[in-house]
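The values are calculated or read from the model by the stated rules, or taken from the named source; none is laboratory data. Worth saying up front: this structure is predicted, and the values here are computed from it rather than measured. Cβ: placed from backbone, ideal geometry, glycine included. Neighbour counts: every protein chain shown.
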Amino acid sequence: MDWKQAISDPYLKNLPFKIELNKWGQILMSPATNHHGRLQYEIGSYIDQRKQSGKIIMECSIQTSDGVKVADVAWASDSFIGRYHFDTPYKKAPEICVEITSPSNSKGEIDEKIQLYLAQGANEVWIVNENGNISFYSKDGRLPQSMEIQGESFTHDLNLAH
């Protein structure tokens, strides 16, 4: 199955969780909680307020070497949108890709997603745990803070736990 087939399949519409495809076209399902959805909104809103340009994309599909992965939140610059519009899935990752972890995510799975998004061109990958704590990654490894959000003391905690 490819991504176009997945998003047009009537049986896969309106599912209460996101799906991804592995490199063999098999469907991977990830149940999400309402808290997960709230974190998506808060992170997207936070980035949007500080970047003041570009677009926030929730559930951003990206073609990777291991199939289509779906970043919970992504920020794409105006330049990126001008070049790639809203192609689905993106062949190149937007500048910031955010994954919000769930209890079902293994460390290996998250580490792999970091590498896949970076390999597709993301400048940063943010990993947000259920308490709202954030870790930042670039091709140089783990960062002490976001390099994409300049001009303030934004570091690791948005205080989003409750």
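Key figures for this structure:
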read-out	value
Count of region 90-125 residues which are part of a helix (DSSP H, G or I) and under 25 Å from ARG50 (Cβ atoms)	5
Scope region 134-154; condition at pLDDT below 90 and either part of a strand (DSSP E or B) or exposed (fewer than 12 other Cβ atoms within 10 Å of the Cβ) (or both); matching residues	GLN150, GLY151, GLU152, SER153
Test: residue in region 105-116 that is β-branched (Val, Ile, Thr) and touching a residue at least 24 places away in the same chain (Cβ under 8 Å)	no
Residue match in region 42-61 (condition: among the β-branched types (Val, Ile, Thr) and at pLDDT below 90)	no
Every residue from region 55-89 that is part of a loop (DSSP other than H, G, I, E, B), in contact with a strand residue (DSSP E or B) (Cβ under 6 Å, 6 or more places away or on another chain) and of a type outside the set (Ser, Thr, Tyr)	PRO89
